[in-house]
Structure formats: structure tokens, C-alpha cells
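Below: the structure, in C-alpha cells.
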Amino acid sequence: MEAESTSPWRFAQCFGDKGEVEDITEADIISTVEFDHTGDYLATGDKGGRVVLFERNEQKRGCEYKFYTEFQSHEPEFDYLKSLEIEEKINRIKWIKRQNAAHFLLSTNDKTIKLWKVFDKQIKMVAENNHSDGFQAGGQGPSGPPLRLPRMTTHDSITAAVPRKVYANAHAYHINSISVNSDGETYISADDLRINLWNLNISDQSFNIVDIKPVNMEELTEVITAAEFHPIHCNLFMYSSSKGTIKLADMRESALCDQHAKQFEEEEDPSQKSFFSEIISSISDVKFSRDGRYILSRDYLTLKIWDIAMENKPVKTINIHDHLRQKLCDLYENDCIFDKFECTFSGDGNQVLTGSYQNYFRIYDVNGDNDVVLQADKSAFKAKKIGGARGKAPGKKEGLQTENIDFAKKILHASWHPRENTIAIAATNNLFLYSTLS
């Protein structure tokens, strides 16, 4: 592990209420975070159904973002047929590549996906008319002033967010991921048992491309946990399952992609088998590298890097918090064993990032053994004030402590700037930014 002084990562910024954890409102907890394709904009979604956008502050040197706009994306609903409450919590946000002055982004809760248009709108007002300056209408004549055409002037500029499309009623189960295709026209949405393909311009129909629902639900053995399109080849996508497998599918082969083209799976070591084996092998997140050559997958205890050309085993396995292996029983009882940690590649594909408990997150070198542990915590502000190392990198002992871990503090969601070493970390209701730019 890197020593504190040699880590190039520095705490840059924090958005959100910096109060105590006990005072947190449930609705303020961040549930997703995503940079756009340029890295100049950053979006977060929360459990209260709100989407908050930030933009790069060009006036400042280094890495700094400022508030751009906020809007209510989803509202709580009730499904009367199934007597189910539908949460407003934002599960995923994906930016569409920008083609004009407006921004387009997809946001989804458990059931409904929306396409939002965010743009700057000029508010115009009538600046002068015939009623102004004390003259009454009808007072025209030789002595009255001539008729004037009303003149419009720009009064103010606001940022507006409007839902351009609502893609509803296509998922019987909870949506866990959405992914925009490299063709810029289509996207997929995945729930526990099915994956649907949509055209961005058509909201009333979608194609079901994966369906793993058995005829008899008692025979159900696995669920889909995440799905993503290949970044270059628009016909390829992958999806991961709760059984620890990743399947790569090709849409050119057939309309229904139940027959995968490749399956990435590692045989389990029989000596490690336990009651919890199946739970901890469930993959919580999968990501392609920018060039599409590698796949990054995260299960409960490990992070794996797969070569797309080698299915039988990962090229690298990184233990995230192996020290928790002996505490799986406690983690099962407090439900933390079901926490879904996300993972992400850096823009150049040379580093990977994932989160852990106690608000620690870790950055690993893909090709080396370099490992940076940082903590998204109040210690970051204090260190910044006293001018010390601003990202706290714990020593081995601190990073691997097994006692007194606060399991309520965890880094589940993160995003990496596509072109530089800047990362956005969601820590409960705060958004932390870390960067190697001074």
C-alpha cells in the first residue's frame, strides 16, 4: 500500500451537508453518480428522486465543479394492481452524447426510465409599450406620442429540465441498469430477469432481448445484476448474474440473445466453499474498459479484471476486504452481505476503483501492484485546512481493521472522469471529488 506522502491523490471538493451521520435524511442519500462523456458535467441521483447536475468551474485552476441545476426526476408511485409502492429512488443515470447546446440524460427508478433535456432558456419580457411612461392608450393624436412597437428584452437566463420521453410499463421487476449504445440511437435496460432494447426516440415499444425467467418460478436459480453495452461494437453487450457469471451476447446472432456468445466464469476453490459462497460470488457490477478489451467485475469480496478473449479465468483478482471473510455471519445478519458495490475503470484503463466500508475506497493499478486507499470523510476537510496530505491513506493496519467497522458508512457509488484522474465518490449524502491535479 502506498504511504501517505507518496499518493498523488488529493481531496478536491465536497458537496452536501457535512453534519453528523445520525442527522441524515433518507431522501438525501446519493444513489448514483455519473460523469458525462467530456467530464465537464457530473450528475448525481438520490433516494428522493432528485437529479443534481454540476459543471466544471473553468475560472478555477485544477479540478473544481460548481452547482449547475437540480430537478425532480421521479415521484413515489403506487401500483394498485400489485399493491406495491414504487420508490422514487434514482437507480441509474446515463448521459447521451451531446449533439447541440442542450444536455440529454436518461434516469431511472425501479420501473420507469425518463429522457431529460436540460438547457439554458432565455426569459424575455416586454420592455416598453404604449401603456408605459404615463401615457394612456387612446391618447394618440397630434399632441400624443406616436405608437410604439412593444420591445422584448432578455430579462434572465434559467436552466430548464423537461422530460422529453417517458419509457414506462416495460419491466415487471426492478430495473438495475441502463446502458446507452455506441450508435447513440438505442439503449438497454435490465431488470432481475429480462433485458429490453429501446430506441431513444420511441417510448411506447421495446424489444425483449434477454429473458431468463423460468416457466415455473420455483425453478429460478439466478437473477441478472447488471448489464452494459460494448463501448465500440454496437452489437455486443454483457450482463452479469447472481451466480457469479458474466455473459457476452451478440445481437447479430438472433433476436433473443439467451444463447450467449461467451461466458466468463471462474471455478470455485472447493476448499473455500461455505454457506455464504453463493451470496458473496454474486456480481454487483460490471464495466467494460474504454477500448472494450477488458471487463471489470465486482463481487462482495473481490474485484476481477477479465480479458475479453479469455473466458476461463480473470487476468487479475484483487481482494478488496478479505479481512471480512471471517465476519460473513455478522454481515449476513445485518444484511450488509447484500450491499451492491460498484466498480469503474479509469479513462485510460490503467487503474480501477471500487469502494469499501468505513468510507474507504481503493484505487488499483491494472498492470502493477500499486494500491491507494483513501477515505471520503471529514478527515479530508481537516487535512485540507492544515495543509497536510488531503486524501487520507491509511497504513496497512488501519485499512484492514476488522473491529469497530462502521458498516453504515460505505462507498457504493463512484465515477471516473473520462479524460483525467479525477473521481467522484458518493459517501451517503455527500459527494466527494478527488483528483491528482493540484
Beyond 20 Å, the calculated P(r) of the range 196-350 holds a percent of Cα-Cα pairs equal to 54
The local net charge around Ser31, scoring Lys/Arg +1 and Asp/Glu -1 for residues other than Ser31 whose Cβ lies under 12 Å from its Cβ, equals -3
Descending packing, highest mean Cβ count within 10 Å first, for 404-411, 73-80 is 404-411, 73-80
The range 68-128 and the range 284-347 have their Cα centres apart by a whole-number Å value of 30
The local net charge around His155, scoring Lys/Arg +1 and Asp/Glu -1 for residues other than His155 whose Cβ lies under 15 Å from its Cβ, equals 0
Computed on Cα atoms, Rg of the range 144-213 relative to 2.2 N^0.38 Å comes out at 2.02
Connecting every pair of Cα atoms under 10 Å apart in the chain and solving the GNM, the largest mean-square fluctuation among Glu218, Glu333, Glu26 falls on Glu218
Calculated from DSSP helices alone, with each H run of at least 4 adding -39500 (n - 2.57) and the total divided by the residues of the chain, [θ]222 nm to the nearest 500 comes to -1000 deg cm²/dmol
For Ile423 the rounded accessible area (nearest 10 Å², probe 1.4 Å, non-protein molecules ignored) is 0
In the structure shown, of Lys60/Lys94; Lys273/Lys316; Lys89/Lys213; Lys97/Lys124; Lys287/Lys409; Lys94/Lys287, the pairs separated by more than 19 angstrom at the C-alpha atoms are Lys60/Lys94; Lys273/Lys316; Lys89/Lys213; Lys97/Lys124; Lys287/Lys409
Long-range share for the range 252-295, i.e. C-alpha pairs more than 15 Å apart as a percent of all pairs, stands at 66
Of Lys378, Lys313, ordered by accessible area with the largest first and a 1.4 Å probe, the sequence is Lys313, Lys378
Expressed as a whole-number percentage, the relative contact order of the chain with C-alpha contacts under 8 angstrom and at least six residues apart is 15
Ratio for the chain, C-alpha Rg to 2.2 N^0.38 Å, reads 1.13
Share of accessible surface on carbon and sulfur in the chain, whole %, 1.4 Å probe and ligands ignored, is 48
Mean-square fluctuation maximum in Gaussian network of the chain, Cα pairs under 10 Å, restricted to Arg293, Arg92, Arg61, hits Arg61
The answer for the chain, accessible area per residue at 1.4 Å probe in Å², is 50
Counting only residues 5 or more apart in sequence or on a different chain, those whose built amide H sits under 5 Å from that of Ser284 are Arg298, Asp299
For the range 219-275 the trypsin sites (Lys or Arg not before Pro) that pass both the DSSP coil test and the at-most-13 other-Cβ-within-10 Å test are Arg252, Lys273
Relative contact order in percent for the range 289-360 (Cα pairs under 8 Å, 6+ apart) equals 29
Under the rule rounded for a/c under 1.5, else prolate if a/b exceeds b/c, else oblate, using alpha carbon gyration tensor axes a ≥ b ≥ c, the range 259-351 is classed as prolate
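The values are calculated or read from the model by the stated rules, or taken from the named source; none is laboratory data. All values derive from a computational prediction rather than experimental measurement. When we count neighbours, we look across all protein chains shown, and the Cβ atoms used for this are built from the backbone with ideal geometry, even at glycine. Protein only, heavy atoms only, side chains kept; ligands, DNA and RNA dropped before computing areas. Shrake-Rupley method; radii C 1.70, N 1.55, O 1.52, S 1.80 Å.
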